[in-house]
Amino acid sequence: MSDLPEASDKLCPQCRQSLPASAFHRNRRRPDGLAFYCKTCAAARSEASRRKRGIAPQRRAAVPVADGLKWCPDCEQIKPVDDFPRTTNASGRHSYCKPCHVARGNESKQRLYGGNREYHLRRRYGVGEKEFQELLAEQGGVCAICRRPDPEHLDHDHRTGWVRGILCFNCNGGLGQFKDNADVLARAITYLRGTTWQRVLIHPGVFQMCSPTRGRPPSQRS
């Protein structure tokens, strides 16, 4: 009788055991479609690597956790799984509950970027608070459109991602509502000039209020 392993078995180079394919994780990049080490050895190697890199062992609940519940390592509380953010990993949920998940995110943004605003500016627009303040100073500290002071919104071209200027809330929202369409904005200007009273210069230093060319008077109040 031969002592050679069956064709379906695979030798793990770590534990030197010949094990069935089910004892190995799948790996499409390898010729046999299986991981190099068996699941047990792979887990041990991963844990050893984490310790070598200074990562503390994963904490686990001191008591069994029933189905439909999950233990949060940060607040050390057992909560319903719905209290944990969804993710794409095997369990479908993050390791930390929603409040702890948010707190960890804020701590990371503070540590890596100096705060939520710097993180937001860098991630969405590719600039930081320093560049924001420099651009605002170039505008004289006012909105690039209405000239009101202390605008807070960074405007950018949605097609190219290029930053265009600093706007107030109303002007930034207005451009968004008009979808950055210059033709529509021009028609809006023509519309306003034809339906609202205009202050027109008739002589140097002399202005006259002109009535609209179209429109209807307001209805009588009851």
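Remarks
- Taking the number of Cβ atoms within 10 Å of each Cβ as an exposure proxy, the fewest-first ranking of Thr190, Thr88, Thr40 is Thr88, Thr190, Thr40.
- Convex hull of the chain built on C-alpha atoms - directionally averaged projected area, nm²: 27.6 nm²
- With the Kirkwood sum run over all distinct C-alpha pairs, region 1-104 has a hydrodynamic radius of 16.8 Å.
- Cα-based shape type of region 121-208, given that a ≥ b ≥ c are square roots of the gyration tensor eigenvalues and the cut on a/c is 1.5: oblate
- Principal semi-axes in Å for region 9-52 [√(5λ), Cα gyration tensor, largest first]: 19, 12, 8
- The helix-based estimate of mean residue ellipticity at 222 nm for the chain, built from -39,500 (n - 2.57) per DSSP H run of four or more residues and divided by its residue count, is -10000 deg cm²/dmol to the nearest 500.
- Region 108-154: projected area of the alpha-carbon convex hull, averaged over directions, in nm²: 3.3 nm²
- 3J(HN,Hα) from dihedral phi, region 77-83, Karplus parametrisation 6.51/-1.76/1.60, rounded to Hz, x for glycine, proline: 10, 9, 10, x, 4, 5, 7
- The chain, dipole about Cα centre (Lys/Arg Cβ +1, Asp/Glu Cβ -1), debye to the nearest 20: 160 debye
Here, each number is a calculation from the coordinates, and none is a lab measurement. Because the structure is predicted, anything quoted here is derived from the model rather than measured. A quick note on method: Cβ atoms are made from the backbone with ideal geometry, for glycine too, and the neighbour counts reach across all protein chains shown.
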